[in-house]
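These notes are about the structure you will find just below.
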Amino acid sequence: MTDITFVDVTLRDGNHTYKHQFTSEIVSKTAAALDAAGVDIIEVGHGDGLGGSTVHIGRSPEPAINLIKAACDSVTQARIAVLLLPGFGIFRDLEECKEAGVSVARIASHSTEADTTKQHIRKAADLGMMTVGYLISAGMADPETLADEARKLESYGASYVNLAESQGHLVPTEVAERVRAVRNAVSIPIGFHPHNNLGLANGNILAAIDEGATYIDGSLKGFGGGAGNAQTEATIAALKRAGHTVRTDLPGILDAAQVFADLVAPQPMPVIDNDSIMMGYANVYGGYVLPVKRAAEKYGIDARALIMKLGERSVVAGQEDAVEQEAQALAAAQAKAVA
Amino acid sequence: MLDKTQGGRKVRAAIVGSGNIGTDLMYKLRKNPNFEVVLLSGIDPASEGLARAREMGVGTSTDGAEAVFEDGNIDVVFEATSAYVHRVNAPRYEAAGIFAIDLTPAKVGVPVVPTVNLAQHDTAPNVNLLSCAAQATVPIVHAVTSVVPVSYAEIVATVASKSIGPGTRDNIEEFTHTTSTALADVGGAAKGKSLIIVNPAEPSILMRNTIYCVTGPDVDIEAIRKSVEQRVAEVQKDVPGYRIVLEPFIRDDHVMIGVEVAGAGDFLPTYAGNLDIINAAAVAVAQRRLVGVKA
């Protein structure tokens, strides 16, 4: 029976589903509803975090700081968090966020490259923020590697290490192995962030908690990359059913889910469709689900073939250019075959 | 200190920083008959670079830049340490009259990307080579801005995990600022942004650089392709493994281009083309300043 700190990422990871087009209005109303429901931490920003609004990933209509300020001004209890991938986000972004009222900075890298985050973890800590080490695509690294990377994050001063299973590729026993390995390597708390490509998000959460995870990420209506994140409102219900304690109340979070759904209508929830199943199975980063669909349509190629190519290349997050390039290559091969 | 070699005397070169970049540079300079690598100096006695240098009979030290001043007879120092370290050493090189070529993102001196502005900086005491990604992408941005105005240039350098060492990993903030600024200041875009993606896949991937130039949708793509093709050919003279992998094409309001860099495999295997592109620039700068006519 674990006391869980709930981190809602609707307003950051959910931006992937909304093509990075969240507005300050969507953010302020959703954040207020999440806060009223007792959510501990609310993460806000572009899908790829601070500095993510790029040609490469997708451009946002408003500067991220507007959304972040809107969130900070809309809550009374919840802490507001930002995600930062070094190379995308810079020191100045952290300084602006701190000024706006952000108190949690999650500094991210691919799951094998934690040492690229040291500078920014230290910067966030110097600014007085709670800093978190965030390992993207945790399902692309084996348990021992994750443990090594977690040790590095702990040594840099991270307050907890968040294992983001960005692909929705792992099954509960594999999640358990990883959380266990990390638990045996560090003294700081462990967080878990599943995706639902194989329908395993909530099951994986319960397995992670059984091995010692105490921070859990979810998103309203499952908005997020791939087939979406763990669906916050369902996760809260499942946590309570499993006997864990969490500050978030069920009626409140159901209301928040409705508020959010109305604000983003007619955008539907992410679903476990064929493309996202293939991506989960082939361990391909969930953020590519919409770029893959777009490229398949644009070049007249099979999305499944494109996904398999990306899987073969072991692409990591941030390789949207590989999606375009492989699609072109497939189209060229197809044209040649027909000729 | 001298401006040009006379009567065939070799340029006495020192390299400070025995990591991936510095060690690869040592191999490249040794292949060049105009240079004598008298010193590879680092701080880590267990470094692979220093071991290789000893094997090859190159002078070594673990005293960092101090060894350069102790020698007292260095014509050019190439520094491949980290931005923070170079900022400390740079004024000392200048005071000692030693020409300094900076391979860190410290950006103390003038920024040079050889195919763009090599001829414009013949007297600066310190030349900065920005970053591996800048050397790989600024030529392309410049090739585009030579044809059409670019309001915003964005580059993404995707590199193999094994190709970047602790120096780079500790300097992503500096790398980001330096490279982003260079896309504008040297490349000619009105504004720039740079991203770096590290991929641990095995076998290690070749350095891949994607360039996006926001131009508006109405551009002469053929003229851009021609300009980029010519520029790639120029870079290939020193880096034969530099090639286009995504032909320039218009996508919405921007042009998208992809280049790949395969290295010569002098120190690290060929996936580490990031080393070749910055070291080729280093040699080109040193050659022009100290050797005169390019060999």
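Bear in mind these aren't lab numbers, they're just calculated from the coordinates by the rules spelled out. Just so we're clear, the structure is a prediction, and the values are computed from it rather than from any experiment. FYI the Cβ positions are ideal-geometry reconstructions off the backbone, even for glycines, and counts take in every protein chain you see.
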Study note, to complete from the structure: Listing A:173, A:112, B:137 by rising number of other beta-carbon atoms within 10 angstrom, fewest first, gives A:173, A:112, B:137
Revision key, fill the gap. So, over other residues within a Cβ distance under 13 Å of residue A:113, counting Lys, Arg +1 and Asp, Glu -1, the net charge is 0
Study note, to complete from the structure: Heads up, region B:122-212 by the C-alpha gyration tensor (a ≥ b ≥ c square roots of eigenvalues; a/c under 1.5 rounded, else a/b over b/c prolate, else oblate) looks oblate
Practice item. Mind telling me which of A:165, A:43, A:320 comes out most flexible in a GNM of chain A, alpha-carbon contacts under 10 Å? Key: A:320
Practice item. Multiply the residue gap between residue B:151 and residue B:244 by 0.36 nm, knock off their C-alpha separation, and tell me the result in nm, one decimal place. Key: 31.2 nm
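Do me a favour and compute the ellipsoid semi-axes for region B:198-295 from its Cα gyration tensor, root of five times each eigenvalue, largest one first, whole Å. Can you show the working numbers first?
Details: eigenvalues 150, 83, 19 Å².
So the equivalent ellipsoid measures 27, 20, 10 Å along its semi-axes.
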Revision key, fill the gap. Taking a crude spin-label model, label points 7 Å out from Cα along the C-beta direction, the residue A:155 to residue A:294 distance in nm is 4.0 nm
Check your understanding: For region A:104-152, with only Lys/Arg (+1) and Asp/Glu (-1) charged at the beta-carbon, what is the dipole magnitude about the Cα centre, in debye rounded to 20?
Key -> 300 debye
Practice item. Send over the Kirkwood Rh of the protein assembly as shown, from the inverse of the averaged 1/r over different Cα pairs, rounded to one decimal Å. Key: 25.4 Å
Point to revise | Charge tally in the Cβ shell below 13 Å around residue B:116, where Lys, Arg are +1 and Asp, Glu are -1, residue B:116 excluded | key: -1
Practice item. Specify the residue with the greatest mean-square fluctuation among A:61, A:172, A:189, computed from a Gaussian network of chain A linking alpha-carbon atoms under 10 Å apart. Key: A:61
Review point. Rounded to the nearest 500 deg cm²/dmol, what is the calculated helix-only ellipticity per residue at 222 nm for chain B, with -39500 (n - 2.57) per DSSP H run of length n ≥ 4?
Key: -11500 deg cm²/dmol
Check your understanding: To the nearest 10 degrees, how steep is helix B:221-238 against the longest Cα principal axis of chain B, on a 0 to 90 scale?
Key -> 10 degrees
**Study point:** Considering only the protein assembly as shown, percent of DSSP beta bridges that pair antiparallel, nearest 5
**Key:** 25 percent
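Can you pull out the trypsin sites (Lys or Arg not before Pro) in region B:26-135 that DSSP calls coil and that have at most 13 other Cβ atoms within 10 Å?
Answer by residue number: B:31.
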Practice item. Sticking with the crude label model, points 7 Å out along Cα→Cβ, report the distance from residue A:59 to residue A:2 in nm, one decimal please. Key: 4.2 nm
Study note, to complete from the structure: For residue B:200, the net charge from surrounding residues (Cβ-Cβ under 9 Å; K, R +1; D, E -1) works out to -1
Revision key, fill the gap. Once the in-chain neighbours fewer than 8 apart are removed, the lysines whose Cα is under 19 Å from residue B:193 read B:107
Practice item. Rank the residues B:138, B:76, A:75 as a footprinting-exposure proxy: fewest other Cβ atoms within 10 Å of their Cβ go first. Key: A:75, B:76, B:138
Check your understanding: Per the Cauchy relation, a quarter of the hull surface: what is the mean projected area of the convex hull of the alpha carbons in region B:135-180, in nm²?
Key -> 3.7 nm²
Check your understanding: For chain B, modelled as a GNM with alpha-carbon contacts under 10 angstrom, which of B:34, B:274, B:128 fluctuates the most?
Key -> B:34
Exercise for review: Just check chain A against the gyration tensor rule for me: Cα atoms, a ≥ b ≥ c as the square roots of the eigenvalues, rounded for a/c under 1.5, and otherwise prolate or oblate depending on whether a/b exceeds b/c.
Suggested key: rounded
Exercise for review: Starting with the fewest neighbours, write out A:129, A:1 ranked by other beta-carbon atoms found within 10 Å of each beta-carbon.
Suggested key: A:1, A:129
Exercise for review: Over chain A, calculate the relative contact order: mean separation of alpha carbon pairs under 8 Å at least 6 apart, over the residue count, as a percent.
Suggested key: 18 percent
Review point. According to the square roots a ≥ b ≥ c of the eigenvalues of the Cα gyration tensor, what is the shape class of chain B, taking rounded for a/c under 1.5, prolate for a/b larger than b/c otherwise, and oblate for the remainder?
Key: prolate
